[in-house]
Amino acid sequence: MPLREHIRELRNRVLLAAAGLAVGAVAGWIWYPQLFAALQAPIVGLADERGQLIALNFGSVATPLDMQIKVALFAGAIVSSPWWIYQLWAFITPGLTRRERWYTVGFLATSVPLFLAGAALAWWLLPKAVAVLTGFTPDLAVNMIDAQMYLGFIMRMVLAFGIAFLVPVIMVGLNLVGVVRARTWLAGWRWAVLLAFVFAAVATPTGDAISMFALAVPICGLYFTAVGVAALVDRRRDRRARLATGLADAAGLPG
């Protein structure tokens, strides 16, 4: 596909993904009160448990509206994840044959649960992260947390975990279209493990080893699983190529 066609395809996929995000954001806007209650639940629980003043602070007149828009977009990104993940796959693999396009079903059946599992893991770690970070508040002091910064903290953590769990599926997609072979992924396993732990250390704000390993170990496991799947694809592709070459030789045709 020429470069211009690639750019046009990327634009179309981005627009389609944005349309899905907008639809999901409408749902997030409607359910904003329930979503906001869930987002501030860790803070409310800590305030009750410790008997301290820990609360979200809306620093300006426009902050509540801005907060609702961002929460709606955040919810839209989660709700529309099957749609924009499909657009990512369709952009990566435009040249698949009709038979290979059935891989799309497997891709979505794998990637959507993985993305949601990563987001769920981040959500599970969130109360612990908030508890550790607010635990540094001195006695007789209050902790008025800026609502915008708190939401940004949650969004980065949840989306980073979800996208990290998508990386192995993208690896398999690149292998399916013949861009990267399994041996190439395997050759870089040391860098992959290092990057997984570095990413986990940055993405887990508490800085404790348990949270870091809770993210890094699944990522490493998914990485090697992706290498194994790519190796199976390469073996099947090489077998077909040898068979085609053998048939061409038997027929006296150039290979």
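Report ³J(HN,Hα) in whole Hz for each residue of the range 4-20, in order, from the Karplus equation J = 6.51 cos²θ - 1.76 cosθ + 1.60 where θ = phi - 60°; Gly and Pro get x.
Per-residue couplings from phi come out as 4, 5, 4, 5, 5, 5, 4, 4, 5, 5, 5, 5, 5, 5, 5, 5, x Hz.
If I fit a long axis through the Cα atoms of helix 81-92 and take the longest principal axis of the Cα atoms of the chain, what angle between them do I get, 0 to 90°, rounded to 10?
With both axes taken from Cα atoms, the answer is about 30 degrees.
Between [x] 1.09; [y] 1.02; [z] 1.22, which entry matches Rg/Rh (Cα atoms, Kirkwood Rh) as derived from the coordinates of this structure?
Here Rg/Rh (Cα atoms, Kirkwood Rh) agrees with entry [x].
Measure nothing but the geometry: give the 0 to 90° angle between the long axis through the Cα atoms of 103-134 and the longest principal axis through the Cα atoms of the chain, rounded to 10°.
For 103-134 against the chain, the angle is about 30 degrees.
Using only the alpha-carbon atoms, how far is helix 63-79 inclined from the longest principal axis of the chain? Give it as 0 to 90 degrees, nearest 10.
Approximately 30 degrees, to the nearest ten.
Pick from Arg181, Arg156, Arg239 the residue whose mean-square fluctuation is largest in a GNM of the chain, springs joining Cα atoms under 10 Å.
It is Arg239.
Label the range 125-165 by shape, choosing from rounded, prolate and oblate, from the square roots a ≥ b ≥ c of the eigenvalues of the Cα gyration tensor; if a/c is under 1.5 it is rounded, and otherwise prolate applies when a/b is larger than b/c, oblate when it is not.
oblate
Using packing as a proxy for protection, rank 114-126, 17-29 so that the peptide with the highest average count of other Cβ atoms within 10 Å comes first.
Packing proxy ranking, top to bottom: 114-126, 17-29.
Could you tell me what percent of the accessible area of the chain is made up of carbon and sulfur, with a 1.4 Å probe and every protein chain present?
71
What dipole magnitude, in Debye to the nearest 20, does the chain give about its Cα centre under +1 on Lys/Arg Cβ and -1 on Asp/Glu Cβ?
It works out to roughly 1340 debye.
With every protein chain kept in place and ligands, DNA and RNA left out, what is the accessible area per residue of the chain? Probe 1.4 Å, answer in Å².
57
The values are calculated or read from the model by the stated rules, or taken from the named source; none is laboratory data. Nothing here was measured: the structure is a model prediction, and the numbers come from that model. For neighbour counting, all protein chains shown are included, and Cβ atoms are generated from backbone atoms with ideal geometry for every residue, glycine included. Accessible surface areas use protein heavy atoms only, side chains included; no ligands, DNA or RNA. Shrake-Rupley method; radii C 1.70, N 1.55, O 1.52, S 1.80 Å.
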